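Take a look at the structure below.
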Amino acid sequence: MGEQDRGFHADRIKVSYWDALGNETVRYFAASLPDEEIPVTIDCPSSGLPAGRDKENPPSVVKLEPYKTHLAYVKERRTEEEAESLLEEALNQLRVRRGKLSPTN
């Protein structure tokens with residue numbers, strides 16, 4: 001039982017992508033797919049680098065952002081004053097739960 005016995009086989013096109021290290025990645029797309037819907041760049045599965053269709057001019061590596069901690073993200077969203085206010089509110093709630101502060105304070 002061959003491929004011809006398994007039903008309709010859609011026509012497809014082969015698109016090659018190259019990364020900065022010269023790795024080639026091949027992707028197949030439906031032949032009926034418009035060219036503007038075929039990705040210009042992909043992530044190369046072997047290197048993780050961006051790969052493009054032009055072998056002579058592969059896409060350059062976008063500047064890698066260093067890992068950010070949760071605190072760094074919080075500091076981007078909150079000012080020092082907001083942080084102090086939220087901390088004081090949380091501490092007061094904790095003191096009330098522990099009975100060290102009356103709920104009206």
Solvent-accessible area per residue for the chain (1.4 angstrom probe, square angstrom)
85
Mind checking the angle between helix 80-98 and the chain's longest principal axis? C-alpha axes, 0 to 90 degrees, to the nearest 10.
60
Is it possible to state the helix-based mean residue ellipticity at 222 nm for the chain, with each DSSP H run of 4+ residues giving -39500 (n - 2.57), the sum divided by total residues, to the nearest 500 deg cm²/dmol? What is it?
-8000 deg cm²/dmol
Sort 102, 32 from largest to smallest accessible area, using a 1.4 Å probe on the heavy atoms of the protein chains.
32, 102
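Among all stretches of the chain without exposed chymotrypsin sites (Phe, Trp or Tyr not before Pro) (DSSP loop, at most 14 other Cβ atoms within 10 Å), which one is longest? Don't skip to the answer; put the middle values down first.
Values: sites that count: 8, 67.
Counting at most 14 other Cβ atoms within 10 Å as exposed, the longest clean stretch of the chain is 9-66.
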Taking amide H positions as placed 1.01 Å from N in the peptide plane, with prolines and chain starts having none, which residues 5 or more places from residue 12, or on another chain, fall under 5 Å of its amide H?
31
Computed curve, the range 37-99, Cα-only Debye sum without solvent term, log₁₀ I(q)/I(0) at 0.17, 0.25, 0.26, 0.28 Å⁻¹, is -0.75, -1.04, -1.07, -1.12
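Using a 1.4 Å probe on the protein heavy atoms, what percent of the accessible area of the chain belongs to carbon and sulfur? Intermediate results must be reported in sequence, preceding the final value.
Values: 4650 of 8960 Å².
Answer for the chain is 52 percent, counting heavy atoms of protein chains only.
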Counting C-alpha atoms alone, how compact is the chain: give Rg to one decimal and Dmax as a whole number, in angstrom.
27.6, 81
Which ³J(HN,Hα) values in Hz, rounded to whole numbers, follow from the phi angles of the range 11-24 under the Karplus curve 6.51 cos²θ - 1.76 cosθ + 1.60, where θ = phi - 60° and Gly and Pro get x?
5, 9, 10, 9, 10, 9, 10, 10, 9, 5, 8, x, 6, 9
In square angstrom, rounded to the nearest 10, how much accessible surface does residue 24 have for a 1.4 Å probe?
100
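The values are calculated or read from the model by the stated rules, or taken from the named source; none is laboratory data. Since the model is a prediction, treat every value here as computed from it, not as a measurement. Don't worry about glycine lacking a Cβ; one is built from the backbone with ideal geometry, like all the others, and counts go over all protein chains shown. Note: areas computed on protein heavy atoms with side chains; ligands, DNA, RNA excluded. Shrake-Rupley method; radii C 1.70, N 1.55, O 1.52, S 1.80 Å.
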